[in-house]
Amino acid sequence: MYVDFIYYFNVERDFYTCHDVLEELWLEEGRDPFFQGLLQVAVGFYHLENENRRGAIKSMTAGLDKLMNSTEAVKMGIHLERLKKDVRRALLHLDDNIPINIKIIDLELERLVLRR
């Protein structure tokens, strides 16, 4: 599910599906704030695609707040610190619709995403 989330986020840019695939993992993992943060960021980009600026700001801000709880620079194979920076930048330049990717650090995770 995690691999699918990253694939849909980075490759397909299908933020609605991102939410669907990660929500199940979030529930299985006891509603971990890290997963919820990723979910909310994806929902924010979904809202942005649909020109719902208010929903985008609300979802991305909530997601970023949850991701800020993690102090690791790298978590679960991704460059979390860069993701937080990119989401902040996207929020500041919301009207420019800046695309971001989740930077994968773990080579095995990257291989699985590319193979997907």
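Points to keep in mind about this one:
- Test: residue in segment 93-109 that is among the aliphatic types (A, V, I, L, M) and over 20 Å from Arg13 (Cβ atoms): yes
- Selected residue (only one of Leu27, Leu22, Leu38 is under 13 Å from the mean Cα position of the chain (by Cα), at pLDDT below 95, over 18 Å from Asp95 (Cα atoms) and not hydroxyl-bearing (Ser, Thr, Tyr)): Leu22
- Filter pass, Arg13 being basic (Lys, Arg), under 22 Å from Leu91 (Cβ atoms) and either open to solvent by 50 Å² or more (accessible area, probe 1.4 Å) or modelled with pLDDT under 90 (or both): yes
- Once segment 17-33 is narrowed to residues that are touching a residue at least 24 places away in the same chain (Cβ under 8 Å) and within 17 Å of Ile100 (Cβ to Cβ), the residue that is least open to solvent (accessible area, probe 1.4 Å) is Cys18.
- Filtering segment 41-66 to residues that are among the small types (Gly, Ala, Ser) and farther than 15 Å from His93 by Cβ leaves Ala42, Gly55, Ser59, Ala62, Gly63.
- Summed over segment 28-80, the residues that are closer than 17 Å to Thr17 by Cβ and either charged (D, E, K, R) or out of contact with any Phe, Trp or Tyr (no Cβ under 9 Å at 6 or more places or on another chain) (or both) give a count of 4.
- Single residue of segment 28-54 satisfying the filter (in contact with a helix residue (DSSP H, G or I) (Cβ under 9 Å, 6 or more places away or on another chain) and part of a loop (DSSP other than H, G, I, E, B)) that is nearest to Asn69 (Cα to Cα): Asp32
- Total residues in segment 92-116, condition within 24 Å of Arg53 (Cα to Cα) and surrounded by 16 or more Cβ atoms within 10 Å (Cβ to Cβ): 2
- Considering residues of segment 90-101 that are within 14 Å of the chain's Cα centre (by Cα) and assigned to a helix (DSSP H, G or I) only, the residue farthest from Tyr2 (Cα to Cα): Leu91
- Selected residue (criterion: most open to solvent (accessible area, probe 1.4 Å)) from residues of segment 61-85 that are among the small types (Gly, Ala, Ser) and assigned to a helix (DSSP H, G or I): Ala62
The values are calculated or read from the model by the stated rules, or taken from the named source; none is laboratory data. None of these values were measured; they are calculated from a predicted model. Cβ sites come from the backbone with ideal geometry, for glycine too, and all protein chains shown count toward neighbours. For accessibility, only protein heavy atoms count, side chains too; no ligands or nucleic acids. Shrake-Rupley method; radii C 1.70, N 1.55, O 1.52, S 1.80 Å.
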